[in-house]
């Protein structure tokens, strides 16, 4: 089962992969990550960058145009933004990886009656996606930075295919839900991936093992 730190989760089906090899993390050859495709209302062309960690423990995604709001004169469309990324991963020969943790950061201003929500999906090309759904404003009202964490225990790790061109897909949605009966329709709530210090990032952390014949 997908273990979440912030919200209820979607159960994962059991998966198989190469045998676990403790201490199998590559250290000499560095991973590479390249955006192969990008689409979505929250990430127009040129608004996303991907950078691998130098120690091979994961990648960092940065966004510059991901913002949603509801209330006042805002349209329904402004209350929902999404981003779908296909990332071509270059990994050291003889190794494979799985996403062990995903961390999302941002800032939200959510007034009473409104709800900010994040939906995340991950998969390798040709594999079924697994997803999580989170309420960002755990209290109401909310005027602060936020952090959402997905953590995947070892028995449920989904391994990238060995010996193949690895395309990792990361799909990310932000939305502000319609107001409830107790709220003022003129009030504007918003959520963004920009923290108050203007840092913008999503972290995907990897667990490694060696491929076997």
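Is there a residue in the range 162-176 that is assigned to a strand (DSSP E or B), over 15 Å from the mean Cα position of the chain (by Cα), buried (at least 21 other Cβ atoms within 10 Å of the Cβ) and at pLDDT 85 or above?
yes
Pick out the one residue from 148, 135, 103 that is buried (at least 19 other Cβ atoms within 10 Å of the Cβ), within 27 Å of residue 197 (Cβ to Cβ) and touching a residue at least 60 places away in the same chain (Cβ under 8 Å).
The conditions single out 148.
The values are calculated or read from the model by the stated rules, or taken from the named source; none is laboratory data. None of the values given here were measured: they were computed from a predicted structure. Here Cβ is always computed from backbone atoms with ideal geometry, including for glycine, and neighbour counts include all displayed protein chains.
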